[in-house]
């Protein structure tokens, strides 16, 4: 019994010797926080010069889109028109909207809510992108149709989109990432959107 008591007292004494007070641990954490450098991605205020010497409108647009906190339906329409190679055919938002509706990318109900400044939801864009790429999907998609969550799941499976809720808003950076992944997917499988 004495041995256990002695070991207990000794362990308490040693732990107090190495323990750091709350004030000291807070000071250490504050020093670490102050030493962190601001990253370019977090604090980039304006678009940088184009990556190549050629500054075409698509590249400039995608660079400016990449710093937007929340993408809009207008951004989605422009990205899809670039992806489909019809940016010149569809010069403005209304022309894109009418073409999407005619091509079956937008249902009549969704076309009524497809306005320029509305924040873009991930599921909404996934459904449009899925249809524009002409993907077939698995059994569920073939049976029930390309609902938002199934379209998103298929695009995540193909590594085109980032996983997440269909109700979350997409950032401009995520929209650009999805665009790049879709272009790579198209070139890899040689499909025409």
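Listed by position, the helices (runs of 4 or more DSSP H) contained in the stretch 31-111 that have at least 1 residues being exposed (fewer than 10 other Cβ atoms within 10 Å of the Cβ) and either modelled with pLDDT under 85 or in contact with a helix residue (DSSP H, G or I) (Cβ under 9 Å, 6 or more places away or on another chain) (or both) are 57-65. One residue is enough: does the stretch 168-176 have a residue meeting the conditions more than 13 Å from residue 121 (Cβ to Cβ) and free of Cβ contacts under 8 Å to residues at least 40 places away in the same chain? Looking through the stretch 168-176, none of the residues is more than 13 Å from residue 121 (Cβ to Cβ) and free of Cβ contacts under 8 Å to residues at least 40 places away in the same chain.
The values are calculated or read from the model by the stated rules, or taken from the named source; none is laboratory data. Note that the coordinates shown come from a computational prediction; the quantities given were computed from them, not determined experimentally. Using ideal geometry, Cβ is built from the backbone for each residue, glycine included, and neighbour counts are taken over all protein chains shown.
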